[in-house]
Amino acid sequence: MAKDKRQKLLAKVHILKKQANLSDEQYRGILSKWAINSCKSATEKTLINICEYIDLLVKEKNKNKPTQWQKNYIKDLCIGMGWSDGMDSPQFKAFVKRTVNIDNVAWLTNRQASDVITGLINWQKYNKEKGE
């Protein structure tokens, strides 16, 4: 049973390494914090600590990106605006440029995605009031 848990922890370390997009050099640097060269020689407690450390790196890396909920909501709002290409439509790209002053939708931050959502909702309300 302990071997099972260890295998799962080893797998988790490698999954997190991939999610954090760590180079081998960066990964070895993290292992050196626990004075090991390989996870094979790590204790269960050390593996847990390494997982927690890399997980924090992943969360830090992703904290400023739009959430999946925001992306889905923006897609739905684009369809509601009649833009069949959704987030790829020229109208949406122009709206994003005017609203948050970025040229590429992929560069949206979490905060900018919120501003885009608010702007699209307000635009839809305006169109309904106008009768369009």
Among (1) more than 25 Å from K128 (Cβ to Cβ); (2) within 15 Å of the chain's Cα centre (by Cα), the one test that K71 misses:
(1)
If you scan the stretch 68-80, which residues turn out to be surrounded by fewer than 17 Cβ atoms within 10 Å (Cβ to Cβ) and in contact with a helix residue (DSSP H, G or I) (Cβ under 7 Å, 6 or more places away or on another chain)?
K75, I79, G80
Would it be correct to say that L57 is at pLDDT below 90, farther than 30 Å from N127 by Cβ and within 24 Å of the chain's Cα centre (by Cα)?
yes
Would you mind telling me which numbered condition in (1) of a type in the set (D, E); (2) modelled with pLDDT of 90 or more; (3) more than 30 Å from N127 (Cβ to Cβ) D76 fails?
(3)
Taking only pairs six or more apart or across chains, which ones have beta-carbon atoms under 6 Å, a first residue in the stretch 25-45 that is assigned by TED's automatic domain parsing to the domain that holds H14, and a second residue that is of a type in the set (A, V, I, L, M, F, W, C) and assigned to a helix (DSSP H, G or I)?
C39/L10; C39/V13
I need a count of the residues in the stretch 82-132 that are on the phi > 0 side of the Ramachandran plot and either surrounded by fewer than 10 Cβ atoms within 10 Å (Cβ to Cβ) or at pLDDT 90 or above (or both).
3
Selection from the stretch 90-113 of residues without any contact (Cβ under 8 Å) to a residue 12 or more places away in the chain and either of a type in the set (F, W, Y) or not assigned by TED's automatic domain parsing to the domain that holds L77 (or both) yields W107
What are the residues in the stretch 64-91 that are assigned to a loop (DSSP other than H, G, I, E, B) and hydrophobic (A, V, I, L, M, F, W, C), if any?
M81, W83
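The values are calculated or read from the model by the stated rules, or taken from the named source; none is laboratory data. Remember, it's a predicted structure, so these values are computed and weren't measured experimentally. Neighbour counts run over all protein chains shown; Cβ positions are idealised from the backbone, glycine included.
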